[in-house]
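This report concerns only the one structure given below.
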Amino acid sequence: MTNPKHIVCPHCGAINRVPGDRSAVPAQCGTCKSKLFAGEPLPVDSASFDRHTAKNDIPVLVDVWAPWCGPCRSMAPQFQRAAQMLEPDVRLLKLNSDEQPEISARYGIRSIPTMLLFKNGKLTAQTSGAMEATRIANWARSNL
Ligand SMILES: [Zn+2]
């Protein structure tokens, strides 16, 4: 048995307590009844970015991208596949750097796509450049 973990609902932002193992996959939010893990990255604004990075007990992996960025667009389906590999151990977020420039500025992001990995609210790893799904998952796991 592993300890229950606090998981922020991707839909309503409520903080749920779920078992800390694979049985978290079918877990539903106690507030809005949505699935806590849908096998896909969650688009966030700066407020939900802060909430997810600060309140989740699981690590949070963020893809910082922009619509005009070709490598970002080609990485998008790979990041989606990585979500299926990493959930429910890791929460995956997508942050549009054009719409949320203050987050990019906070972490000194100069090129995109950039991935940020957070643990307990702290940035623990950062990398730039498009990757395919297996490399994304391996990079995240090697930095957990
Ligand atoms: Zn919810």
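The values are calculated or read from the model by the stated rules, or taken from the named source; none is laboratory data. In this text, all values refer to a predicted model and were calculated from it rather than measured experimentally. Don't worry about glycine lacking a Cβ; one is built from the backbone with ideal geometry, like all the others, and counts go over all protein chains shown. All accessible areas refer to the heavy atoms of the entire protein, side chains included, with ligands and DNA or RNA removed. Shrake-Rupley method; radii C 1.70, N 1.55, O 1.52, S 1.80 Å.
Only residues that are aliphatic (A, V, I, L, M), closer than 21 Å to S142 by Cβ and not in a loop (DSSP other than H, G, I, E, B) were counted in region 87-97, giving 2.
Just to be sure before I move on: is L144 open to solvent by 40 Å² or more (accessible area, probe 1.4 Å), modelled with pLDDT under 95 and more than 20 Å from R17 (Cα to Cα) in the structure I sent?
In short, yes.
Looking across region 98-124 at every residue that is within 15 Å of the chain's Cα centre (by Cα) and β-branched (V, I, T), the one that is nearest to A140 (Cα to Cα) is identified as T124. Listed by position, the strands (runs of 3 or more DSSP E) contained in region 1-86 that have at least 3 residues being in contact with a helix residue (DSSP H, G or I) (Cβ under 8 Å, 6 or more places away or on another chain), more than 12 Å from the ligand (Cβ to nearest atom) and open to solvent by less than 10 Å² (accessible area, probe 1.4 Å) are 60-65.
Kindly provide the set of residues from region 87-96 that are open to solvent by less than 20 Å² (accessible area, probe 1.4 Å) and in contact with a strand residue (DSSP E or B) (Cβ under 8 Å, 6 or more places away or on another chain), ordered by number.
Passing the criteria: P88, V90, R91, L92, L93, L95, N96.
Looking across region 36-82, just one residue is touching a His at 6+ places or on another chain (Cβ under 6 Å) and charged (D, E, K, R), and that is D57.
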